[in-house]
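What follows is a set of notes on a single structure, which appears directly below.
The values are calculated or read from the model by the stated rules, or taken from the named source; none is laboratory data. Predicted model only: the values in this text are computed from it and were never measured. All Cβ positions, even for glycine, are placed from backbone atoms using ideal geometry, and neighbour counts span all protein chains on display. In case anyone asks, the SASA skips ligands and DNA or RNA and just uses the protein heavy atoms, side chains included. Shrake-Rupley method; radii C 1.70, N 1.55, O 1.52, S 1.80 Å.
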Amino acid sequence: MKRVEGKVALITGAAGGLGSAAARMLAREGARVVVTDRAAQEAAGRAVAASLGDGQGMFLALDVTREEDWVRAMEATQERFGRLDVLVNNAGMGVPKDVENLSLEEWRLVHAVNLDGTFLGCKHGIRAMRQCGARGSIINVSSQAGLVGVPPLAAYATAKGAVRMFTKTVALHCAEKGYGIRCNSVHPTFIETNMVKALMDATGTPDLAREGMRRSIPLGSMGEPDDVAHAIVYLASDESKLMTGAEFVLDGGSTA
């Protein structure tokens, strides 16, 4: 028996990086997967959906900051697959600036994508899961930066910290209402993705930045997308049925 056989999952920011790794692993474990990303990433997103197997995946353009996109995505998911069991709020972005150099516009953009997008996903994900009677699982991808202060990432760390607390609030809300829907957050360290590469490049000395990131992790190496995907599969599966409002930390000891 595959670990998420029969479940339907929707993943944001799934055209690459952590999202695409999670999509492929969930599909291998039996889920049908709705791959979503910005319209600009449609070609890559469709390629990920096609790689999941015949009829097992579909792509939807979704700007996580637009509520109307969320409504349309939930309707399309239920029309195609009949239900929603798993929501992975993975879409995110960062601006490598400290509090003195960050503009208000950049602050708002980072919070819109990371925090507003997670809020809208949870809001409409809960509705969709309730409509089909799913005992669902919402998985919010935060960061180790949501657990500790990170001066060079003032907006990102703040947004990811808010995702952590919002996750607990959603978890308790669903538990108190008796919905049978769980909500947990995942907190990775630096992972080998294009987003982290962009952060390195922004320093002007990417090799030094990479070495600094590596040295900041007690286990001595950066993570890979599948490291996070394994955690997502566990939280999506019934193996984690007693977990809600919890933090799944994948930081190599960085916050110990």
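Things worth noting here:
- Once the C-beta distance of residue 127 and residue 255 is scaled by a Förster radius of 25 Å, the resulting FRET efficiency is 0.15 to the nearest 0.05.
- Across the range 188-253, Cα pairs under 8 Å and at least six residues apart give a relative contact order of 44 percent.
- Straight-line cross-link partners of residue 7 among the aspartates and glutamates, defined as a Cα under 17 Å from its Cα and at least 8 positions apart when in the same chain: 29, 54, 75, 79, 85, 238, 239.
- Scanning the chain for long hydrophobic helices, with DSSP H runs required to stretch 27 angstrom or more by C-alpha along their axis and to average at least -0.5 on the Kyte-Doolittle scale, returns 154-177.
- Between 81, 119, 190, the Gaussian network model of the chain with springs among Cα atoms under 10 angstrom shows the greatest mean-square fluctuation at 81.
- Within the straight-line cut-off of under 21 Å between alpha carbons, the lysines reachable from residue 2 are 241, sequence neighbours fewer than 8 places apart in one chain being disregarded.
- Cα-based reach from residue 97 at 26 Å (exclusive), listing lysines while leaving out same-chain residues under 8 positions away: 160, 197
- A simple charge model with +1 on the Cβ of Lys and Arg, -1 on the Cβ of Asp and Glu and nothing else charged puts the dipole of the chain at about 720 debye relative to its Cα centre.
- Residue of 29, 79, 100 that the Gaussian network model of the chain assigns the largest fluctuation, springs spanning Cα pairs under 10 Å: 100
- Accessible area of the chain belonging to carbon and sulfur atoms, whole % at 1.4 Å probe: 52
- Per residue, the solvent-accessible area of the range 1-100 (1.4 Å probe, heavy atoms of protein chains only, all protein chains present) comes to 43 Å².
- Cα-Cα separations in the chain greater than 35 Å, expressed as whole percent: 10
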